Every structure is written in structure tokens, then in C-alpha cells.
Amino acid sequence: MSDTSDTVVRPAGFPSGAAPGPLRRYGPWIVLALLLLVLPRVFSSGLSISTMCVMGTMIIFALSYNMLLGQSGLLSFGHAVFFGLGGFLTAQMMNMMAGGEGPLPLMVYPLVGGLAGLVFGVIFGAVATRRAGTAFAMITLGIGELVTSSALILRGFFGGETGITVDRTEIHQVFGLSFGPQVQVYYLIAGWCLVSVIAMYAITRTPFGRICNAVRDNPQRVNFVGYNTTVVRFIAFSLAGLFAGIAGGLASINFEIMNSAQMGAAESGSVILMAYIGGVGNFAGPIIGAIVVTYLHLMLSDLSDVWELYFGLLFISMVMYAPNGIAGVIMMQRPLIRRGQLLRVAPYYVLALIPGLVALAGLSMIIEMTHQLSISASEGLGMTMMGIAFNADALLPWLTAVVLLGGGGWLGVRAARLAREAYGAAMVRGRVQ
Amino acid sequence: MAEILFFSAVNGITYGMLLFLMASGLTVIFSMMGVLNLAHASFYMLGAFFGFEISRHLGFWPGLVLAPLIVAVIGMGVERYGLRTVHKHGHVAELLFTFGLTFVIQKLVEMVWGKLPVDYLVPPSLDFPAFTIFATEYPAFKLFGLLASIAIFLALMLVIKRTRIGLIVQAALTHPEMVGMLGHNVDRIFMLVFGVGVGLAAVAGVIAGPALVTQSNMAGLLGPILFVVVVVGGLGSLGGAFVASLLIGLVQTFAVAFNISLADVFGPVAADSGLALYLDDIWSVTVAQVAPVLPYLLLVLILIFRPRGLMGNRES
């Protein structure tokens with residue numbers, strides 16, 4: 001994960017040439033802030049605003065996860081614990097201060113979640129970061145299970161199966177903001193999202209961030225230089241807990257309910273999916289991943305009953321063929337653009353994409369027909385896909401599906417090989433010119 | 001009391017041996033390839049569901065043989081075409097690959113068999129009480145499960161200690177490069193070991209299926225406990241996995257048998273402050289309710305006092 005991640009890996013103190021001007025340094029953030037400001041004007045429907053609220057929360061969550069996986073090489077299977085505990089603490093605090101008694105406005109409540117995440121990050125990190133690698137992954141898995149099972153026992157605090165509810169409008173109001181309308185919550189989340197993203201980016205630029213990268217790449221050498229790798233991992237783990245807690249606090253403000261399932265294995269799994277599909281080798285990767293996965297989640301769950309299966313298959317194929325995620329694929333095009341070769345290679349991408357889509361259609365036909373035959377059989381065997389109606393037990397659709405999958409797959413593999421060759425050739429050509 | 005102790009001990013050993021059937025395969029795969037197969041419990045689930053499907057058409061006994069064979073072939077395919085491709089991206093990618101696999105297998109099982117438990121019956125030839133003790137009947141099928149796991153355990157030990165292929169596997173555990181140098185096809189050994197390992201998990205699934213519940217969440221329930229077993233025992237240690245399997249099997253069954261809470265021992269909480277509400281939860285929870293948490297608590301304690309695990313000899 002080093003070749004495509006120059007935003008992260010470029011050594012400190014070597015900004016290309018002279019120090020970057022203020023515009024280059026702050027420009028992207030100003031653009032991002034303006035973008036966040038105008039987004040609800042562009043996508044103003046209720047659905048899109050609440051979707052963007054979820055996306056903002058998930059961006060913080062996925063980025064905090066990437067402080068572990070991408071920056072420090074720590075694969076955690078229990079990151080949702082901090083998200084959930086942050087959310088629960090925020091919700092409890094809000095319930096305690098309800099009725100406008102507390103002097104704190106709603107804007108600062110995510111900080112409660114962040115502090116909770118930090119405290120629990122310190123506690124669990126002290127145990128988990130004693131080991132690295134596979135053992136660390138197993139310990140975080142165990143901690144995740146430990147906390148979720150305990151939450152079901154401690155009903156008073158976690159509210160058992162139903163969880164606890166809050167009312168965000170009951171909190172002390174300032175500037176006449178009641179946070180009843182969703183768009184006000186959007187701006188709250190957007191603000192915290194911007195602050196968190198900048199803070200996490202800033203951390204990657206500090207010497208500590210660099211040492212995290214070094215621990216990821218070569219822990220033995222870092223040890224030899226004189227750093228204690230356990231301490232570095234511990235700090236990274238605690239800070240990741242802090243930001244996950246902020247995300248959890250925002251989630252409890254947004255949904256006005258916290259449930260112990262939100263810190264379970266499924267939530268921990270979905271943050272891995274987001275970070276990895278987006279790309280862990282690049283700072284922007286998890287942001288892309290959070291947006292894409294949240295959107296796909298919404299879209300696919302409407303289209304298909306077995307949408308989670310598609311997610312799993314997408315994830316596995318990313319791990320196998322695009323280990324740097326979407327951001328990695330985009331970054332691979334950068335040298336081509338710099339050499340002015342992108343337009344020569346692009347047709348090959350299209351050539352590979354078409355049979356790929358055909359194969360995907362065949363695969364999803366097989367999945368949907370199997371589903372119709374087994375689970376939805378009670379609703380009859382008739383079904384429609386892309387406006388074509390057919391029976392799930394007829395021979396013709398199965399033949400079509402197999403031909404689409406087989407033919408598309410075969411052509412796709414060949415076209416992908418051609419595209420790879422074209423990419424290599426373009427790189428060489430660019431170098432010669 | 002003697003009754004509770006006896007049945008908890010027998011049930012605990014049966015459960016522990018089932019855990020070990022899976023943990024042994026997991027441990028051998030981990031020691032050889034350095035990859036912890038997160039999907040191991042999913043193969044156990046596949047074994048149970050294949051066994052169920054075959055038992056509907058051919059009966060239980062063909063299922064006991066065929067289901068593990070099918071799962072072993074699937075496992076070898078996964079190793080050959082999945083893990084080996086991912087291997088070049090490093091260990092994290094391998095772990096993530098098996099993690100994705102758990103997800104996909106669970107969704108596939110839900111797609112074909114649904115989310116509700118299926119009716120996987122104990123075979124009629126074993127559907128009788130094996131013995132009656134303290135006026136309680138002990139089902140023959142559970143006894144069969146225990147004996148089968150012990151038999152497989154002994155057979156596995158014999159193969160590893162006494163045969164040529166076992167020698168090569170043992171050598172490949174510690175010195176894979178050297179084994180390759182000596183002209184053995186390490187890739188094929190890896191594939192075989194992966195197949196046998198997940199096949200064993202499938203055997204455990206076929207045995208556990210009728211005894212426990214065959215449902216699409218069974219992998220999710222058992223998987224984390226399985227990983228606790230291998231970490232507590234010490235990653236890569238077969239002996240440790242054996243001890244830890246029995247330990248966790250016994251701890252869980254004994255905890256379930258005792259319905260005592262702190263409140264029963266020390267009396268109810270006296271204070272009436274705001275904290276009492278939260279304290280009361282801890283105070284009145286019974287040992288039986290805590291049972292699901294105990295393995296993870298054990299994991300954390302072991303890591304604090306003995307980070308290598310009970311019998312582990314490597315750090316990571």
C-alpha cells in the first residue's frame with residue numbers, strides 16, 4: 001500500500017520544492033467547507049439531507065478506523081465499540097440535561113462522545129495493543145463481543161434490546177436553533193465532520209503520524225531506532241477511539257436513539273467495508289468509501305432482498321483485485337494524466353467494463369433466481385428483472401444467466417489483460433517522451 | 001448437586017471436544033500458512049446445512065460423510081483461487097479476505113435456507129437415551145458426538161505423529177522453505193491442509209447440527225468463541241488449543257448451570273441513590289446470564305497475565 005499513497009507517505013519536511021503557499025495549503029479545506037455549505041441547497045429533499053447526515057457521521061467513523069488500519073497497520077474487528085459507547089454516553093448525557101437545564105448547547109455534545117471514546121480507547125487499548133498482527137485482531141474481536149454481551153446485561157444503562165431514546169430539541173438552545181429541522185442537524189454534522197477531518201489529516205502530518213506509518217511498515221526497525229512500538233500503537237488506538245466516539249455522539253443526535261446493536265460485530269464489519277472499499281492507503285479513501293457504501297446501502301436495499309450478499313462479493317473482489325480500493329484505482333490514473341496518456345488507455349477501460357457489467361448481470365440473475373426459488377417460493381416463482389418477467393424455475397433464464405456470466409466473465413478477463421497491457425505501455429511511452 | 005456437576009462436566013467435555021475439532025483445523029492452518037481463517041466457523045455452518053440437506057434425501061449417515069467432503073472441496077477451491085491470489089498483498093489482506101468470506105457464506109446460507117432454524121433431526125438409530133443417571137436420561141446422540149470427536153482427535157494425532165504426510169506437515173509448520181527445498185510441493189500441502197481443516201470443521205457442524213440449533217447465525221455465534229480458544233491456548237499450539245477448548249467448554253456449561261447472583265449471596269442493594277439503578281443490574285445478574293461474557297473475560301485476563309496464551313511460543 002505504498003506505491004499509490006503519496007499523500008500519506010511523502011516524507012515530512014520534503015514538500016515538493018518550496019513551502020506550499022497558503023492557497024495550496026488551505027485551499028482544499030476552504031473548497032470542502034463551501035461544498036458542505038451548499039450541498040443541502042443542491043440536494044434539498046428530505047431523503048437526501050438525512051442521507052448526507054448519515055454520510056457525514058460515517059465519514060468520521062471510517063476515517064477514525066483508517067487511523068488504525070491504513071495509518072498504523074492495525075486490523076481491528078471491534079471499532080464500533082467506541083462508536084457505540086460514545087453514542088450511549090452522549091445520549092445519557094442528553095437525557096440528564098433534558099429540559100434545558102444544563103448550560104451546554106447541543107453543538108458541544110459530540111465532544112461527550114469523543115471523550116467517552118477516548119477513555120474507553122485508553123482502557124481497551126492498554127490490553128489490545130500489547131500485541132500486534134493477528135493476535136491484535138482477535139483481541140479486538142473479543143473486546144467487541146465482551147462489550148456487546150455486557151450491554152445486554154446492563155439494562156439500566158444500555159436499555160436492553162430496545163436501546164435508549166433521546167430528544168435533541170430538549171437541550172439548551174442558543175442562537176434560536178432548535179435542531180428540530182433535519183437541515184440544522186445537517187449543518188451540525190457537517191461542522192463536526194469538517195473539524196474532525198482536518199484534525200485527522202493534521203495528525204497524519206505530525207511526527208507522530210509518521211511514526212505510525214513507520215510502525216505499520218517496519219515495526220522492528222522503529223523499535224531499533226528507539227521508539228516503543230506498543231506506545232505508538234496505544235496512542236493511535238486511543239485517538240481512533242476519540243474520533244469514533246465523536247461519530248457515535250453525532251449518530252445519537254441524528255437518530256435520537258442508540259441501540260446496543262450499533263456497537264456490535266455488524267457495525268464493526270461495515271466500517272471495515274467502508275474503509276477498505278474506499279481505500280486504506282490514501283487519506284481520502286475512507287471518505288469515498290463512506291459515501292459510496294452509504295449510498296449503495298440505501299439504493300441496493302430497495303432493489304434486492306439479498307443486497308448484503310452483493311456487498312460481500314464486492315468486498316471480496318476488492319480485496320483480491322484492487323487492494324488499494326477506489327482511491328487506489330483513481331491514484332493509479334494520476335501518472336497517466338501527468339503523462340497525457342489517459343485518453344489512450346480509457347477506451348480499454350470501457351472495453352473491459354462492458355463484458356464486466358454483462359457478467360455482473362448474469363451473476364445477479366443467478367442470485368436473484370436462487371433467492372426466488374428458495375426463500376420467496378411462497379410468493380410464487382414469477383419475477384421481473386429490468387422489466388422482463390420470467391419464471392425462476394424455467395430453463396431459458398438459467399441458460400441466459402449462465403451464458404451471460406460465463407461469456408461476460410471470459411471476455412472481461414481478456415479485456416482486463418488488454419487494459420493492463422495498455423496501461424503498462426502508456427507508462428513506458430510517457431517515460432520515453 | 002452431584003447431578004448438576006456430572007451433567008455439566010459431560011456436556012462441557014462434549015462441547016469442548018466439538019470446539020477442539022474446529023480449533024485443531026484452525027490451528028494447523030494458522031501455523032502452516034500464517035493466516036487465521038476467520039471463515040472457519042462459516043465452514044462449520046456449511047457442514048451443518050449440507051448435512052441437513054443430505055439427511056433429507058439420503059439420511060443422516062451419508063450426510064456425515066458427504067457434507068465434510070463437499071466442504072473440504074470448497075475449502076480447497078477457496079485456498080487455491082482465493083487465498084493464494086490474496087497472499088501477495090500481505091497478511092492483512094488475507095485476514096480481510098477470510099472476513100469477507102464469512103459475510104458472503106452467511107448471506108448465501110440465508111439466501112438458500114432462510115434465517116429461521118431448520119429442522120435437522122437426530123437420526124432414528126441414535127434417538128434413544130444412552131444411559132439414565134440421577135433419574136435423567138442422557139441422549140445417545142450427544143454421547144456419539146463425544147465419541148466421534150475423540151476418535152477423530154486420536155486419528156488426527158496418529159496421522160500427524162506416525163505417517164509420512166504427517167511428518168511433512170509437521171516440518172512445513174516450522175520450516176516451510178526447507179520443506180519446499182526438499183522437493184515437496186508446499187502449495188499442494190497447503191491446499192490439502194486447508195481442505196482437511198475446514199472438512200473437520202464441517203464434521204463438527206454435522207455433529208453439532210442436530211444437537212444444537214442449525215441456523216444461519218450459528219457461525220456468528222460460534223466464531224468469536226473459536227478465536228478466543230486459539231488465542232487463549234496460544235496461537236499455533238495444538239496442545240494449547242486442546243486445553244483451551246476443554247476449559248472454555250467447561251466454563252460455559254458450568255456457568256449456565258448456576259443461577260446465583262451477587263444479590264443472592266450478599267443480599268439486595270441497600271443504597272437508594274441514582275447510581276443504585278445501574279449498580280442493581282450488576283448486583284442482580286446471575287452467573288448463568290454472565291455465561292456468554294465469560295470466554296471474552298478469560299481472553300482479556302489471559303492477555304494481561306500471559307500474553308503468549310497458555311502454551312503459545314510465538315509472539316504474533
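Taking packing as the residue-averaged number of other Cβ atoms within 10 angstrom, the listed peptides A:203-211, A:240-248 run from highest to lowest as A:240-248, A:203-211.
For the residues A:Glu170, A:Glu145, what sequence is obtained by ranking on other C-beta atoms within 10 Å, fewest first?
A:Glu170, A:Glu145
The phi torsions of the stretch A:193-198, fed into the Karplus equation with coefficients 6.51, -1.76 and 1.60 and a -60° offset, translate into couplings of 4, 4, 4, 5, 4, 4 Hz, rounded to whole numbers, with Gly and Pro shown as x.
For the stretch A:353-358, putting each phi into the Karplus relation 6.51 cos²θ - 1.76 cosθ + 1.60 with θ = phi - 60° gives couplings of 6, 4, x, x, 5, 4 Hz, in residue order, rounded to whole numbers and with x for Gly and Pro. Within the stretch A:162-188, which residues have the backbone N less than 19 Å from the label spot 7 Å out from A:Val108 along Cα→beta-carbon, could you tell me? Taking a point 7 Å out along Cα→Cβ of A:Val108, the residues of the stretch A:162-188 whose backbone N falls under 19 Å are A:168-179, A:188.
Counting Cβ atoms of other protein chains within 10 Å of each residue's Cβ and taking the mean over peptide A:69-75 gives 2.
Within a 10 angstrom radius of each residue's Cβ in B:295-304, how many Cβ atoms of other chains show up on average? Whole number is fine. Could the numbers behind the result be given before it?
Values: counts 4, 11, 4, 1, 8, 7, 1, 1, 9, 3.
Averaged over the peptide's residues, the number is 5.
Applied to the stretch A:259-274, the Karplus parametrisation 6.51 cos²θ - 1.76 cosθ + 1.60 on θ = phi - 60° returns per-residue 3J(HN,Hα) values of 10, 5, 5, 6, 10, x, 5, 5, 5, 4, x, 5, 6, 4, 4, 4 Hz, with x for Gly and Pro.
Tally Lys and Arg at +1 and Asp and Glu at -1 over the other residues with C-beta under 12 Å from the C-beta of A:Phe234: what net charge comes out? Walk me through the numbers before you get to the answer.
Details: positive: A:Arg130, A:Arg131, A:Arg233; negative: none.
Taking every other residue near A:Phe234 into account, the sum is +3.
Its Kirkwood hydrodynamic radius, worked out from the mean inverse distance over all distinct Cα pairs, puts the stretch B:2-305 at 20.7 Å.
Can you list the lysines whose alpha carbon is less than 24 Å from that of B:Lys115, not counting same-chain residues fewer than 8 positions off? The reachable lysines, counting only those whose Cα sits under 24 Å from B:Lys115, are B:Lys107. Between the Cα long axis of helix B:91-113 and the first principal axis of chain B there is an angle of about 70°, rounded to the nearest 10.
Note on the protein assembly as shown: Cα Rg divided by 2.2 N^0.38 Å, N the number of residues, gives 1.00. Between helix B:164-174 and chain B there is an angle of about 70 degrees, using the helix long axis and the longest principal axis of the Cα atoms. Under the criterion of Cα pairs below 8 Å and six or more residues apart, the relative contact order for the stretch A:6-332 equals 33 percent. Centre-to-centre, using Cα atoms only, the stretch B:29-65 and the stretch A:243-278 are separated by 32 Å. Remark on B:Thr214: its backbone amide H falls under 5 Å from those of B:Val118, B:Tyr120, a criterion applied only to residues 5 or more positions apart or on other chains, H modelled at 1.01 Å from N. On the principal axes of its alpha-carbon atoms, the stretch A:339-432 has extents of 64, 19, 19 Å, going from largest to smallest.
Quantify how much of the Cα-Cα distance distribution of chain A extends past 29 Å, in percent.
Numbers: 50819 of 93528 pairs.
Counting pairs separated by more than 29 Å, the tail of P(r) holds 54 percent.
Sorting the segments B:137-144, A:84-91, B:300-307 by their residues' average number of neighbouring beta-carbon atoms within 10 angstrom, most packed first, yields A:84-91, B:137-144, B:300-307. Sorting the segments A:27-34, A:74-81, B:220-227 by their mean number of nearby beta carbons within 10 angstrom, highest to lowest, gives A:74-81, B:220-227, A:27-34. Over the residues of chain A, the helix contribution to mean residue ellipticity at 222 nm works out to -25000 deg cm²/dmol, using -39500 (n - 2.57) for each DSSP H run of at least 4. Residue by residue along B:101-112, Cβ atoms of other protein chains within 10 Å of the local Cβ number 6 on average.
Stretch A:Arg41-A:Arg221 to full length: gain in nm at 0.36 nm per residue minus the Cα-Cα span? Before the final figure, lay out the partial values.
Working: separation 180, 0.36 × 180 = 64.80 nm, distance 5.11 nm.
Roughly 59.7 nm would be gained on extension.
Helical runs assigned H by DSSP (4 residues or longer) give chain B a calculated mean residue ellipticity at 222 nm of -23500 deg cm²/dmol, each run adding -39500 (n - 2.57) before division by the residue total.
Less than 14 Å from a label point 7 Å out along the Cα-to-Cβ axis of A:Val31: which backbone N atoms in the stretch A:279-310 qualify, by residue? Only A:284 pass the distance filter.
With R₀ fixed at 25 Å, the C-beta to C-beta distance from A:Ala346 to A:Ser304 puts the FRET efficiency at about 0.25.
Quote to one decimal, in nm, the extra length available between A:Thr206 and A:Ala126 on full extension: 0.36 nm per residue of separation minus the C-alpha distance between them. Could you put the intermediate results ahead of the total?
Working: separation 80, 0.36 × 80 = 28.80 nm, distance 2.28 nm.
In short, 26.5 nm is gained.
We did not get these values from a lab; they are worked out from the coordinates using the rules stated. None of these values were measured; they are calculated from a predicted model. So basically every Cβ, Gly included, is an ideal-geometry build from the backbone, and we count neighbours across all protein chains shown.
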